[in-house]
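The values are calculated or read from the model by the stated rules, or taken from the named source; none is laboratory data. Please read these numbers as outputs of a predicted model, since none were measured by experiment. Neighbour counts are summed over all protein chains in view; Cβ atoms, including those assigned to glycine, are modelled from backbone coordinates with ideal geometry. Remember, those area values only see protein heavy atoms, side chains included, never the ligands or the DNA or RNA. Shrake-Rupley method; radii C 1.70, N 1.55, O 1.52, S 1.80 Å.
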Amino acid sequence: MQITVSQYAHAATEINVVAPLGRIDQASADDFLMALNPMLATLGPDAPPLLLDFSGVDYIASIGLRALMVAARQAKAGGGGIGIAALQPMVREVFSIARFDLVIPCFDSVESAARELSACK
Amino acid sequence: MQIKFWGTRGSLPVAATAGEVRNKIIAALTAAQGQQFADAAAIEAFADQLPFAVQGSYGGNTACVELTGAAQPGDLEHVICDLGSGLRPLGQCKMAEFGPGKPQTYHFFISHLHWDHLMGLPFFVPIYIPGNRIVMHGCHPNLEAAIKLQMSAPCFPVEFDQIGATVEFDLLEPGREYTIAGFKVRAKLQLHAGDSYGYRFEQAGKSVVYSTDSEHKLDNRVEQNAFIDFFRGADLVIFDTMYSLADAITVKADWGHSSNIIAVELCQEAGVCRLAMFHHEPIHDDAKLASLYDETRRFEEITRDGRAPLRIISSYDGLTVDL
Ligand SMILES: [Zn+2]
Ligand SMILES: [Zn+2]
C-alpha cells in the first residue's frame with residue numbers, strides 16, 4: 001500500500017498528515033502500522049498532532065482497525081493528539097458498525113480535523 | 001439436519017422488563033392506528049408482519065442448542081450443545097413428547113464449564129427419570145467435577161447422585177474425529193478463561209459448527225487460519241457475537257468473547273453458507289439486538305467483494321433452522 005506523509009500548517013500549529021492509499025487488510029496492515037511507527041514515536045504533548053487522511057482508503061478490514069487501535073493507544077500513552085479524517089462512505093460505515101468512532105476521533109475533512117486537533121493542544 | 005435454539009443469551013439469563021413490553025405494545029398500536037381488521041386472522045397477519053423486536057423477542061435463556069439429524073428407525077438419541085437455562089424448556093418439551101415411559105438417550109456436548117453453560121441441568125426433568133441415559137461429552141478433564149458441583153449443597157437441594165437417569169462422562173480429544181449418535185464430531189480448543197471448545201458436527205453432507213465463548217486475537221494469524229479450517233464450507237456456524245469489535249479488542253480484550261465483524265470475516269474466508277449470531281449480550285434489549293442484526297447484514301453486504309453472499313441470522317430462543 002502506498003502511504004504519503006505531509007505536513008499541514010493550520011494557524012500557528014503544525015499538523016502531520018499521513019495519507020494511506022488503497023486497502024488496509026491482512027496483506028497491508030503490518031506495513032501500514034510500520035509506516036505509522038516513526039510518526040507515532042514523535043507524538044507528545046508538545047509535538048504536532050498526527051492526522052490520518054483516509055480519503056484514499058477504500059477498504060479496511062478488522063486487522064486494519066486493530067492497527068488504528070494500536071496507534072491511538074500509543075498516541076494516548078505519549079500524550080499526543082491523533083485523529084482520522086475524510087473517510088469514504090463505506091469505510092465510515094465499517095467504523096460505525098465496529099464502534100471505532102469511539103476508539104479514535106473521526107472528522108469529516110482534513111481541514112476540520114486540523115482545526116479541532118490544533119485547538120485541543 | 002435441523003438446529004433448534006433453546007437458549008441464545010450470554011453470561012446470564014434475562015427477561016424483558018415491564019417497560020420493554022410496554023414499548024412493544026405502544027409500537028404495535030402505533031402501527032395499527034387507523035386500521036380495521038376483519039377478523040382474528042387479519043389481526044394475526046398484521047402482528048406477524050411487524051418488526052421482530054416488536055412482535056417477538058430474542059428471549060433470555062442461556063446457551064442450549066439441539067441438533068436433530070436424519071431420523072433412524074428406533075432412534076431415541078438426542079444431541080444437545082451446552083446445558084444453559086434453555087435446557088429447562090427443552091426438557092419439558094421432551095417430557096411432553098416421550099413421557100417417563102419411553103427411555104431416551106441424551107448426548108450433551110459441553111463447550112466449557114462456566115455457569116451460564118451448565119445451569120440448566122438441575123432443571124432438566126429427564127435426568128430425574130429412571131431409564132434415561134445421559135452422556136456428557138467434553139474436553140475438560142474436570143467436566144464431571146464441575147457438573148456435580150452445582151448439584152451439591154449448598155448450591156442445590158438435590159445431590160447429583162440422587163438423580164434417576166444414568167450419567168456417563170466421555171472425555172474427548174480435540175482434533176480427533178468421533179462418531180456419536182449418527183454425527184461425525186470434532187472439537188477445537190478456543191481462547192476463553194479456563195478454555196472452551198467448539199464442535200463441528202457433520203451428517204449426510206451437512207455441517208454445523210457450534211463455536212461460542214471464543215475470543216479471536218486479530219494478530220494471531222495462525223489461530224485465525226485454524227478457525228477458518230474448522231469452519232470451512234460449513235452450512236451453519238453458530239458464533240459468539242457478544243461485543244462490538246471496538247469493545248472486544250480494547251476494554252473487553254481478554255474477556256473471552258468476539259464480535260459480529262470477526263464473525264463475518266472468518267465466515268467469509270471459510271466459505272460458510274450461514275452465520276448465526278449467538279451468546280447475546282444480556283444488557284441488550286430486543287430493539288438493540290435487532291439493530292445489531294441489521295448492521296451485521298449490512299457489514300456482510302459491503303464487504304462481500306465478489307464472494308457468494310453469507311446468509312446471516314440472529315439466533316433467538318425457539319428458532320429452528322433446517323439445513
Ligand atoms: Zn457464556
Ligand atoms: Zn464462558
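Suppose every K and R has +1 on its Cβ and every D and E has -1 on its Cβ; what is the size of the dipole of the protein assembly as shown about the Cα centre, in Debye to the nearest 20?
So the magnitude is around 140 debye.
Calculated FRET efficiency, B:Y178 and A:S55, Cβ-Cβ r, R0 60 Å, to nearest 0.05?
0.65
List for the stretch A:65-80: residues with 50 Å² or greater reduction in accessible area, all protein chains versus chain alone, probe 1.4 Å?
A:R66
Which distance in nm do the two modelled labels at B:A308 and A:D31 give, with both placed 7 Å along the Cα-to-Cβ direction?
Once both label points are built, they end up 3.2 nm from each other.
In square angstrom, what is the accessible area per residue of the stretch B:169-271 with a 1.4 angstrom probe?
Solvent-accessible surface per residue comes out at 36 Å².
Using only the Cα atoms of the stretch B:65-217, what are the Rg and Dmax in Å?
For the stretch B:65-217, the Cα radius of gyration and maximum Cα-Cα distance read 15.1, 49 Å.
Calculate, axis by axis, the spread of Cα positions in the stretch B:211-270 along the three principal axes, and write the results as whole Å, longest axis first.
33, 21, 16
Expressed as a rounded percentage, what relative contact order does chain A have, with Cα pairs under 8 Å and six or more residues apart?
26
Any idea how far the Cα center of the stretch B:87-126 sits from the one of the stretch B:130-198, in Å?
Each part reduced to its Cα centre gives a spacing of 12 Å.
Per the Kirkwood formula on distinct C-alpha pairs, the Rh of the stretch B:132-215 is how many angstrom?
14.5
Label-point separation (nm) for B:Q55 and A:T42, each offset 7 Å from Cα along Cα-to-Cβ?
The modelled label-to-label distance comes out at 6.0 nm.
How large is Rg/Rh for chain B, to two decimals, with Cα atoms and a Kirkwood Rh?
Computed over Cα atoms, the ratio is 0.98.
So what's the stretch B:206-323 giving for Cα Rg divided by 2.2 N^0.38 Å, two decimals?
My calculation over the Cα atoms of the stretch B:206-323 gives 0.99.
Averaged across the residues of B:248-258, what count of C-beta atoms belonging to other chains lies within 10 Å of each residue's C-beta?
Mean partner-chain Cβ count within 10 Å for B:248-258: 2.
For B:V237, what residues show an amide H to amide H distance below 5 Å, using hydrogens built from the backbone and excluding near sequence neighbours?
It is B:V209, B:R274, B:L275, B:A276, by chain and number.
Report, largest value first, the span of the C-alpha coordinates of the stretch B:62-129 along each principal axis, in whole Å.
Computed over the stretch B:62-129, the largest-to-smallest principal extents equal 35, 24, 14 Å.
Using a basic spin-label model with each label point 7 Å from the Cα along Cα→Cβ, how many nm lie between B:L189 and B:K288?
In this crude label model, B:L189 to B:K288 measures out at 3.4 nm.
What dipole magnitude, in Debye to the nearest 20, does the stretch B:71-179 give about its Cα centre under +1 on Lys/Arg Cβ and -1 on Asp/Glu Cβ?
280
Give, rounded to the nearest 20 debye, the magnitude of the charge dipole that the stretch B:180-323 has about its Cα centre when Lys and Arg contribute +1 at Cβ and Asp and Glu contribute -1 at Cβ.
560
Given 5 Å bins starting at zero, what is the percent of C-alpha pairs of the stretch A:24-82 in each, up to the one with the largest pair distance?
4, 20, 29, 24, 15, 7, 1
Is it possible to state the helix-based mean residue ellipticity at 222 nm for the protein assembly as shown, with each DSSP H run of 4+ residues giving -39500 (n - 2.57), the sum divided by total residues, to the nearest 500 deg cm²/dmol? What is it?
-9500 deg cm²/dmol
Normalized C-alpha radius of gyration of the protein assembly as shown, against 2.2 N^0.38 Å?
1.13
If you roll a 1.4 Å probe over the heavy atoms of the protein chains, what accessible area per residue do you get for the stretch B:15-55, in Å²?
73
Compute for chains B and A the buried accessible surface, both sides summed, probe 1.4 Å, and express it in Å² to the nearest 100.
1700
Rounded to the nearest 0.05, what FRET efficiency is calculated for B:D322 and A:E111 with R0 set to 60 Å and r the Cβ-Cβ distance?
Here the calculated transfer efficiency is 0.65.
Mind jotting down the three principal axis lengths of chain A based on Cα atoms? Whole angstrom, largest first.
For chain A, the Cα extents along the three principal axes come out at 37, 25, 24 Å.
Averaged over every viewing direction, what's the projected area of the C-alpha convex hull for the stretch B:26-92? Give it in nm², one decimal, please.
7.5
Which whole number in µm²/s is D for the stretch B:1-120 by Stokes-Einstein, with the Kirkwood Rh taken over Cα pairs at 20 °C and 1.002 mPa s?
126
Averaged over all directions, how much area does the convex hull of the C-alpha atoms of the stretch B:264-306 cover when projected, in nm²?
In nm², the orientation-averaged hull projection of the stretch B:264-306 is 3.3.
Normalised by the number of residues in the stretch B:1-107, what is the relative contact order in percent for Cα pairs under 8 Å and 6+ residues apart?
Answer for the stretch B:1-107 is 38 percent.
For chain B, what does the relative contact order come out to in percent, with C-alpha contacts under 8 Å and a separation of six or more?
RCO, chain B: 19 percent.
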